[in-house]
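The values are calculated or read from the model by the stated rules, or taken from the named source; none is laboratory data. This one's a predicted model, so the numbers in the text were calculated from it and none came from an experiment. Cβ: placed from backbone, ideal geometry, glycine included. Neighbour counts: every protein chain shown. The accessibility values were calculated without ligands, DNA or RNA, using every heavy atom of the protein model including side chains. Shrake-Rupley method; radii C 1.70, N 1.55, O 1.52, S 1.80 Å.
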Amino acid sequence: MNTRTWGWLAAVIDVVLIVVFALIGRSSHGEANTALALWTTAYPFLAGWAIGYVTSGAWARPLRFWPTGVVVWILTVFVGLAIRVATGQGDVDGNPLPISFVIVATIVLGVFLLGWRAIARGVLRFTSSRSRQDAAATDA
């Protein structure tokens, strides 16, 4: 696969994982999972992801941890939380940004956005080394 294909695939995987994050969050709190409700929860993080994707140049190096993965992850969380506070989402007993949610969002989105990249890189390295071994065996 070429870089352009990986760039598009990375974008799709990231977006799907952010929506899954929102879906898990809504489900864990017993909230409705209608399309509008899910959008309301996901869009702040999707906005942060879009900023991170563009800022990091992720389309050119979609599988790199630094700067791509880390920038995408941090901006997804930071911008997502800022939009949630600005729009009054997630207010718990007058606290617009419960620390427990900050911790959960940071960890889960980190595992999601960096984790799949780690898995993909590992698989690509394995298949690449396997191909080299097969080629060497064929040449011998």
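Some observations on this one:
- Some residue of segment 6-26 being assigned to a loop (DSSP other than H, G, I, E, B) and within 14 Å of the chain's Cα centre (by Cα): no
- Among residues of segment 27-59, those that are in contact (Cβ under 8 Å) with a residue 24 or more places away in the chain, outside any helix (DSSP H, G or I) and open to solvent by 20 Å² or more (accessible area, probe 1.4 Å), counted: 1
- Pairs linking a residue in segment 105-123 that is more than 14 Å from Val72 (Cα to Cα) to a residue that is of a type in the set (Val, Ile, Thr) and open to solvent by less than 50 Å² (accessible area, probe 1.4 Å), with Cβ atoms under 9 Å and 6 or more positions apart or on different chains, are Ala120/Ile13.
- Inclusion of Gly80 among residues that are modelled with pLDDT under 95, assigned to a helix (DSSP H, G or I) and touching a Phe, Trp or Tyr at 6+ places or on another chain (Cβ under 7 Å) is not warranted.
- Residue selected from segment 72-95 under the condition touching a residue at least 12 places away in the same chain (Cβ under 8 Å), touching a Pro at 6+ places or on another chain (Cβ under 6 Å) and among the β-branched types (Val, Ile, Thr), by the criterion most open to solvent (accessible area, probe 1.4 Å): Val85
Yes or no, residue by residue, for (1) at pLDDT 95 or above; (2) part of a helix (DSSP H, G or I):
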site	(1), (2)
Arg61	no, no
Gly69	yes, yes
Arg84	yes, yes
Thr106	yes, yes
Ile119	yes, yes
Val123	no, yes
Thr127	no, yes
Arg130	no, yes
Thr138	no, yes
